[in-house]
1. When the dipole is taken about the Cα centre of segment 218-357, and only Lys, Arg (+1) and Asp, Glu (-1) are charged at their Cβ, what size is it in debye, to the nearest 20?
2. Which of these, G310, G224, G130, has the largest mean-square fluctuation under a Gaussian network model of the chain (Cα springs below 10 Å)?
3. May I ask you to compute the full-extension gain from E338 to R297, defined as 0.36 nm times their residue separation minus their alpha-carbon distance, rounded to one decimal in nm?
4. When the label point is put 7 Å from the Cα of A354 along its Cα-to-beta-carbon vector, which residues of segment 268-303 have a backbone N closer than 12 Å?
5. Net charge near A369: determine it from the other residues with C-beta under 13 Å of the C-beta of A369, scoring Lys and Arg +1 and Asp and Glu -1.
6. By the scheme Lys and Arg +1, Asp and Glu -1, what is the net charge of all other residues having a beta-carbon under 15 Å from that of S26?
7. Classify segment 176-277 as rounded, prolate or oblate, taking a ≥ b ≥ c as the square roots of the eigenvalues of its Cα gyration tensor: rounded when a/c is under 1.5, otherwise prolate if a/b is larger than b/c and oblate if not.
8. Please say if segment 57-179 is rounded, prolate or oblate, where rounded means a/c under 1.5 for a ≥ b ≥ c the square roots of the C-alpha gyration tensor eigenvalues, and otherwise the choice is prolate for a/b larger than b/c and oblate otherwise?
Amino acid sequence: MGRLAYFLMVGAAWATTFSLEAADTSEVIDLCARIVAHYGDVVHATYSDALVGAGELEQSLRRFVENPTEDTLAAAKVAWIAARPPYLQSEAFRFYAGPIDDADGPEPMINGWPMDEFIIDYVDGAPESGIINQPKTYPIISKEVIAASNEKAGETAITSGYHAIEFLLWGQDFSDEGPGARPVSDYLSHPSAARRGAYLLACGDLLTDHLSALVDEWAPGKTGNFREEFGRRDLVAAVRSLLYGLHALSGTELGGDRLLVAWDTQDQEEEHSCFSDTTNQDIRFDVRGIANVYEGRYVQLSGELLEGPGIRDLVAVLEPDGIGEWNANLEGILEAVERIPAPFDQAILGDDEAPGRRAILETVEQLEAISQRFARLDQILIASQR
């Protein structure tokens, strides 16, 4: 059986059934209530930090567009990299039809990937491609135009979000040694310089709009927002949503789409942050987000630690004999991620014994294991209420 075929079996674990002696129902429900309440605090703090980072990025983009120099371009790139970690940690809050990715959720406009960059701007061999270089078709560049165009021509027709900004700052990556090297002249002397700057600023503005809406949806004490509704749900069902989100991120999304596909195909176009060569950061903070929900903790940008009940506490009640294995699995993922050499687009190359490929595959296998654990815990939680 091939690696990809094996990986596809992970999802089957979600359907596994258990015949267990029911735990103390009231104890489990009380714990679920505390987990859901603290989870809301963690989600709100994480999105709030992502909004702060996006706001600082937007200011840096404005300084660059108003005065395009090597220094202001470099500062904008630094701001983009610094803005990413809180949002990456928030990906642990996805996949259960919350406000980030329900039918109207902004996720495709925030972190849409992979993207066909020629939809936005010129690419190698197509100097006049993209919205930026088509003033007759798109006479006005605005947030509304960019939002309406996102995924209009398909899932990879991404026009907004972090990766659109990344492409506009770095350009295509043709180097084995480093990231893309978009020249400052693209914002100074290029025929579409003014439109490119307008597009970049509109993307930054749209990003903060979307993150601000997510902060509002998870704000405490606000009538009618998602957090209020989530706290009123059947508490076991709410915790099951958390578990499914963690299962999907660790298995299908991170372990599969972002890591195993690139490992299997050795295609450098499968790299998540391919223009800036910061995919290693993406992987680390996605894993950190999984750990945050499991451990019930989050370190805010201010340095303040939010700490309370998490999924680990549920494991301690429902699967006490296995908590050591759970903790070891998570620690194994955190350690394996650190062994993936940068840049990621070079780590996927070589034979299967190459250090980079071994580290990636080890990370995938550890992610597969914890994904199955989340699926199993879901079933144990159901059984505990019978």
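Every number here is computed from the coordinates shown, using simple stated rules; none is lab data. All figures in this text were calculated on a predicted structure; none of them were measured in a lab. For neighbour counting, all protein chains shown are included, and Cβ atoms are generated from backbone atoms with ideal geometry for every residue, glycine included.
1. Numbers: 12 positive and 27 negative charges, 181 e Å.
Using only the charged Cβ atoms, the result is roughly 860 debye.
2. Ranking G310, G224, G130 by mean-square fluctuation puts G224 first.
3. Details: separation 41, 0.36 × 41 = 14.76 nm, distance 2.04 nm.
So the chain would gain 12.7 nm between E338 and R297.
4. Under cut-off, by backbone N: 268.
5. Numbers: positive: R373, R376; negative: E325, E331, E362, E365, E368.
Around A369, the charge tally is -3.
6. On the way: positive: R34, R386; negative: D24, E27, D30, D234.
Every neighbour counted, the sum reads -2.
7. Working: a/c = 5.16, a/b = 1.43, b/c = 3.61.
In terms of gyration-tensor shape, oblate.
8. Details: a/c = 1.58, a/b = 1.16, b/c = 1.36.
Taking the square roots of the gyration eigenvalues as a ≥ b ≥ c, segment 57-179 is oblate.
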